[in-house]
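So the structure is just underneath, and the comments pick up after that.
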Amino acid sequence: MRLQGKVAIITGGGNGIGRETAALFVKEGAKVCVADYDETAGRKTAEELRAISEESAMSVKVDVSSAESVERMVATVLERWGTPDILINNAGITQDSMLTKMSIEQWQRVIDVNLNGVFYCTRFVAPHMVQKGNGKIINTSSIVGVHGNIGQTNYAASKAGVIGMTKSWAKELGHKGINVNAVAPGFIETGMVSKMPEKVLQNLLDKVPLHRLGKPSDIAHAYLYLASDESDYVNGTVLEVNGGLVI
Ligand code: CAA
Ligand code: NAI
């Protein structure tokens, strides 16, 4: 058991990569707060996990783009389980559009969720980790945050911003016993990718040396490594998990 007795918050834990991660973390002995805006999915995920092990999961409805909502979510975890050992800032959205057609609302919402959301969650969790003297913070960037992508100005900006915050916090919090890292997934089989036009997706797949999309478990295992003691000397890194799409 690589996470025995650890308390983890996984934002966006109700679906896709977050849901897979919640299940893996519980199997590895963690107690997981599934913190999701999609209340139904969050509750369902937590219920399924409690069937594996009682007290292993709870769900809290949160909108990470709202500082008040995040503060309430973190207070609930502190009250029930104490200081979280692990924060996975995984919640994220896309609202794709070509630059010349992108509305201000599309720009703003993606920045609010993907960038501000990571700041709010970390802002409310980190002081407790500092007080305890240890913690693992894992932020979800994207291949798009490193290399850009047609139709994703808002998303690319948010995910590049996540890398900037990761490196800043790794420098700021390292000597307090807290490791901060990011995972930059390539194209992973979830609801997010299923919205892509077939032609664009096929084009992309042809360029992946492994000739397949990633699976949510490919990312869940990267999160697990960065959340476990095995990565204690890894700090400020961006772990790219993309099948070699960009080499
Ligand atoms: N590569 C090459 N050409 C592309 C392209 C691409 N990735 N995407 C669009 N184009 C081309 C189109 O072929 C088209 O060319 P023509 O004018 O010569 O016909 C032109 O650009 C305009 O494209 P659309 O007709 O599709 O324009 P649209 O305004 O209807 O739609 C769009 C634009 C919403 C951005 C749509 O193209 C789209 O959804 N593209 C996919 C964007 C994408 O890759 N999203 C990733 C989602 S998964 C994710 O984000 C997770 C992660 O972190 C990786
Ligand atoms: P998904 O759409 O399956 O899951 C995202 C989850 O985030 C959902 O449960 C959703 O309800 C939740 N969420 C959305 N807005 C929220 C908000 N305001 N507050 C709280 N929760 C919210 O997507 P997927 O693919 O599992 O994505 C997880 C993370 O991985 C995202 O940050 C995404 O940007 C990132 N990513 C995904 C890739 C992919 O190809 N699927 C590639 C690279 C990065």
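Here, each number is a calculation from the coordinates, and none is a lab measurement. Keep in mind that what you see is a predicted model, and the values were worked out from it rather than measured. Cβ atoms come from the backbone with ideal geometry, glycine included; neighbour counts cover every protein chain shown.
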Checklist entry - Given the C-alpha centroids of the stretch 150-193 and the stretch 27-71, what is the distance between them in whole angstrom? => result 21 Å
Item to check | Sites residue 109 and residue 194 - FRET efficiency at Förster radius 25 Å, r taken between beta-carbons, to 0.05 | outcome: 0.80
Next on the checklist: Name the residue from 25, 225, 162 whose Cα lies farthest towards the positive end of the charge dipole of the chain, charges +1 on Cβ of Lys and Arg and -1 on Cβ of Asp and Glu.
Outcome noted: 162
Checklist entry - Which of 9, 98, 197 sits farthest toward the positive end of the charge dipole of the chain, with +1 on the Cβ of Lys and Arg and -1 on the Cβ of Asp and Glu? => result 98
Checklist entry - Given charges of +1 on the Cβ of Lys and Arg and -1 on the Cβ of Asp and Glu, with all other atoms neutral, how large is the dipole of the stretch 7-240 about its Cα centre, in debye to the nearest 20? => result 340 debye
